[in-house]
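Right, one structure below, let's go through it.
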């Protein structure tokens with residue numbers, strides 16, 4: 001099914017379900033950080049950005065939790081992680097994308113950028129957030 005065939009409210013609800021599954025499976029909290037990118041580092045022009053962050057066992061993880069993820073989404077996730085590092089003066093230890101639908105051409109980009117991809121929280125190793 002093409003992305004355009006699924007209505008936005010349904011995609012949003014599925015993303016919420018993925019987030020809740022992650023939080024309950026690993027007893028963690030995903031924090032939604034909203035910043036304003038004055039310099040256009042993430043999107044190429046000034047804009048508000050939302051970054052999902054997990055801090056667990058001294059690990060700082062930036063994640064993208066979406067119903068579907070494309071190749072450009074992988075680049076955006078990496079830019080969000082670098083933005084967070086720069087503006088919060090913290091080092092991002094890992095980048096994770098969680099989505100049941102990942103575009104085939106996104107896998108190579110994710111690998112090159114060091115982004116881990118999972119289809120759901122259930123597909124993650126049990127020690128995913130251990131140090």
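The values are calculated or read from the model by the stated rules, or taken from the named source; none is laboratory data. All values derive from a computational prediction rather than experimental measurement. Cβ: placed from backbone, ideal geometry, glycine included. Neighbour counts: every protein chain shown.
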### Task
Scan (1) surrounded by 12 or more Cβ atoms within 10 Å (Cβ to Cβ); (2) without any contact (Cβ under 8 Å) to a residue 12 or more places away in the chain for the single condition residue 123 breaks and write down its number.
(1)
### Query
Only one of (1) within 15 Å of the chain's Cα centre (by Cα); (2) at pLDDT below 95; (3) closer than 19 Å to residue 126 by Cβ is not met by residue 60, so which one is it?
(3)
### Summary
Those residues of segment 26-57 that are in contact (Cβ under 8 Å) with a residue 60 or more places away in the chain and either under 12 Å from residue 80 (Cα atoms) or out of contact with any helix residue (DSSP H, G or I) (no Cβ under 9 Å at 6 or more places or on another chain) (or both) come to a total of 1
### Task
Would you mention how many residues in segment 12-39 are in contact with a strand residue (DSSP E or B) (Cβ under 7 Å, 6 or more places away or on another chain) and either exposed (fewer than 14 other Cβ atoms within 10 Å of the Cβ) or modelled with pLDDT under 90 (or both)?
10
### Task
Can you tell me which residue within segment 107-131, out of those that are outside any loop (DSSP other than H, G, I, E, B) and in contact with a strand residue (DSSP E or B) (Cβ under 6 Å, 6 or more places away or on another chain), is nearest to residue 26 (Cα to Cα)?
118
### Query
Can you pull out the residues in segment 40-57 that are under 18 Å from residue 97 (Cα atoms) and part of a strand (DSSP E or B)?
49, 50, 51, 52, 53, 54, 55, 56
### Task
Answer with yes or no whether residue 80 is over 23 Å from residue 129 (Cα atoms) and assigned to a helix (DSSP H, G or I).
no
